[in-house]
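The values are calculated or read from the model by the stated rules, or taken from the named source; none is laboratory data. Computed from a predicted structure; not experimentally measured. In this analysis, Cβ positions are derived from the backbone assuming ideal geometry, glycine residues included, and neighbour counts consider all displayed protein chains.
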Amino acid sequence: YCQKWSLAIISHYVTNTTYPTCTDVGKIVNRCIYCGDGNETVAPPKGHTVVIDKAKEPTYTTTGLTEGSHCSVCGTVIVEQKIIPVKNNTVSKIEIVNAPSRTTYNVGESIDTSGIVIKVTMASGTTQNITNGFEFNPGVATKVGTQTVTVSYKGKTTTFTINVVDNNVTGISVDASQ
């Protein structure tokens, strides 16, 4: 029944519905098409439907992600996933594959590492052979006998040995009876 026009009309009300979303209210509005009289019902926002976005560990070749979350309905990011940089592929060990070509020295002579091949094993498990870029200590043959030489590369060490002889001439003697 329309109050304004004093008419008894069937279905003279029009319903306009705005459905609630995750963040916005919804409304159901019933209005008379003749007089505009009616009512309004408000529906609260539904709230987000949170889905957890799993963390992903980084590798030595790909970045990772922290755990995050988003709404499965509207796609809004609730907790942003942060990028975790690739793992630092550090040297885990070194070992000598080929010893230096020369292994015998005189006392005081500089040690020559020509021919040495060092196998470098990375934290990722990958390996590579190198022939330079490392340090060794001592750099000079210092004592007669077997001497250990330490090879260092990016914080890791290994050793090899050399033989040190004393070839210094301390005098000459002549045997005239011969």
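Given Y60, Y34, which one is more than 30 Å from K87 (Cβ to Cβ), exposed (fewer than 15 other Cβ atoms within 10 Å of the Cβ) and not aliphatic (A, V, I, L, M)?
Exactly one residue qualifies, and that residue is Y34.
Kindly provide the set of residues from the stretch 37-57 that are of a type in the set (D, E, K, R), surrounded by 12 or more Cβ atoms within 10 Å (Cβ to Cβ) and under 25 Å from the mean Cα position of the chain (by Cα), ordered by number.
Result: D53, K56.
I'm trying to understand the selection: among the residues of the stretch 67-124, which are in contact with a Gly (Cβ under 9 Å, 6 or more places away or on another chain), among the β-branched types (V, I, T) and part of a loop (DSSP other than H, G, I, E, B)?
Within the stretch 67-124, V86, T90, I111 meet the criteria.
Give the stretch 64-85 a look and list any residue that's under 30 Å from I130 (Cβ atoms) and surrounded by 13 or more Cβ atoms within 10 Å (Cβ to Cβ), or say none.
If we filter the stretch 64-85 for residues that are under 30 Å from I130 (Cβ atoms), which is where we start, we get 64, 84-85.
Correct list: G64, I84.
Output the number of the condition that I84 fails; it satisfies all remaining conditions of (1) out of contact with any Pro (no Cβ under 7 Å at 6 or more places or on another chain); (2) under 30 Å from V50 (Cα atoms).
Here I84 meets the rest and fails (1).
Out of the residues in the stretch 19-31 that are among the polar types (S, T, N, Q) and modelled with pLDDT of 90 or more, state the one that is surrounded by the most Cβ atoms within 10 Å (Cβ to Cβ).
T21
One line per residue, one yes/no per condition, for (1) closer than 30 Å to T61 by Cα; (2) of a type in the set (S, T, Y); (3) touching a Cys at 6+ places or on another chain (Cβ under 6 Å):
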site: V107; (1), (2), (3): no, no, no
site: I111; (1), (2), (3): no, no, no
site: S124; (1), (2), (3): yes, yes, no
site: K154; (1), (2), (3): yes, no, no
